[in-house]
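No lab work stands behind these numbers, since they all come straight from the coordinates. No experiment lies behind these values; they were computed from the predicted model shown. FYI the Cβ positions are ideal-geometry reconstructions off the backbone, even for glycines, and counts take in every protein chain you see.
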Amino acid sequence: MATIIFAGGGTAGHIEPALAVARAWRSAHPNDEIQFLGTKTGLENTLVPAQGFALTLIPKVAIARRPSLTWLKIPFNLIKSISVASAALTSADLLIGFGGYVSAPAYLAARLRGVPLLVHEANAKPGWANKLGALLTPFVAVANPVESREFSDALLTGLPLRSDVAQAFNESRNDWKVARDTAKSKLGFDKKTPLIFVMGGSQGSVAINSIVSAALEGLNSKNISVLHSVGRLNSLPQSQSWYHPVPYVEDMAMAYLASDVVIARSGAVTCSEFAALGRYALFVPLPVGNGEQFHNAQPLVESGRAQVINQAEFSSDFLVASIETLLMKSAAAPIAGDPKDLDAAQKIVALGQFALGA
């Protein structure tokens, strides 16, 4: 029996792939013990226990993007976090990391303890934590090809999908048209009316929400339905027969299937789930970070399934004026989803088993 520790916290983009691999590992090796590392402020505090996995919290090492006096505290915070992570790795046989605040100290603790390490990078442009991790181990996997020397020999696995997305793909693959029409009807929309699905992440994007709200009258005049995930922290607009605002979409798989056009940020998980189930997307990359969201969307743009627009150029006038063109591109896009990520979790588990035996 082996003890496998997963490090990946903060956002769903780090946690969901880690959970998918953990479930695949539990299925393949039910006698192994699985634990997670996280921080007290991350979504892992709700998502990980909900999946039945133990969670150990370590101090968060936050690094401001611009020079700040807080940088003076980084060495001390990092040492403390490494110490706590090291204690959590006492009986570990393998650490699998997915990036984020929790991963860097976990990677360093694993290296100091001699615990084998596997790193998975979801984004097309890696963050600093996984760049560090990739320097510490030969066992590296990527969701998409990465142009970076640290990932030049990485195994291309794809990005592990949530179980509901994978299940929806398998149930839809025999007849995608029926699956898409059925999903639209189940969500309460006319299957003959174009449906736009707007999502700004679990917290909701104020910028996207305000633009969509200003465009609603114009979209309605074109006989277009809208499913709008406004975010749990934002007030809920008035619902109408053709406009359904919700705090959060519980059945994301059905929303992807039903939508003719998805308007969203282009995080790695969103792009992967959309690739599996969606038809056409207008991506508005988050204008902060290291530019990874722009790069995440490029494979979908190249395959004719997405368009990217900078947030500064995205407006209600653009949306109303462009929506018919977007719908035409959607109709011309493949009706079937892409199976490229279906076996990603199993590939990472196989690489982890190889790392255990190395």
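Around Gly158, what is the net charge, scoring Lys/Arg as +1 and Asp/Glu as -1 over all other residues with Cβ under 14 Å from its Cβ?
Result for the local shell: -3.
Looking at the stretch 72-223, how many pairs of lysines come closer than 30 Å at the Cα, when each pair is eight or more places apart or spans two chains?
13
Spin-label point model (7 Å from Cα, Cβ direction): what's the Val246 to Lys80 distance in nm?
Spacing of the two 7 Å Cα→Cβ label points: 4.1 nm.
In the calculated pair distance distribution of the chain, what percentage of Cα-Cα distances lie above 31 Å? Let's see the in-between values first.
Details: 22702 of 63903 pairs.
Tail of P(r) above 31 Å: 36 percent of Cα pairs.
Out of residues 5 or more away from Ile263 or on other chains, whose amide H comes under 5 Å of its own, with H placed 1.01 Å from N in the peptide plane?
Amide H to amide H, under 5 Å and 5 or more residues apart or across chains, Ile263 pairs with Phe197, Val198, Met199, Leu282.
Take each of the peptides 293-299, 2-8, average the number of other beta-carbon atoms within 10 Å over its residues, and list them starting from the highest.
Numbers: 293-299: 21.9, 2-8: 25.4.
For the peptides 293-299, 2-8, the packing ranking is 2-8, 293-299.
Percent of Cα-Cα pairs per 5 Å bin, from 0 to the last occupied bin, for the stretch 163-332, please list those.
1, 9, 19, 23, 24, 16, 7, 2, 0
So for Thr157, Thr90, fewest C-beta neighbours within 10 Å to most, what's the order? Numbers along the way, then the final one.
Numbers: Thr157 23, Thr90 9.
In increasing order of surrounding Cβ atoms, one gets Thr90, Thr157.
Could you tell me the calculated FRET efficiency between Leu155 and Ala312, based on Cβ-Cβ distance and R0 = 45 angstrom, to the nearest 0.05? Walk me through the numbers on the way to the answer.
Details: r = 37 Å, r/R0 = 0.82.
In this case the efficiency is close to 0.75.
Give me the one-decimal nm value for the distance between modelled label points at Val301 and Leu135, 7 Å along each residue's Cα-to-Cβ direction.
Going by the 7 Å Cα→Cβ label model, 3.0 nm.
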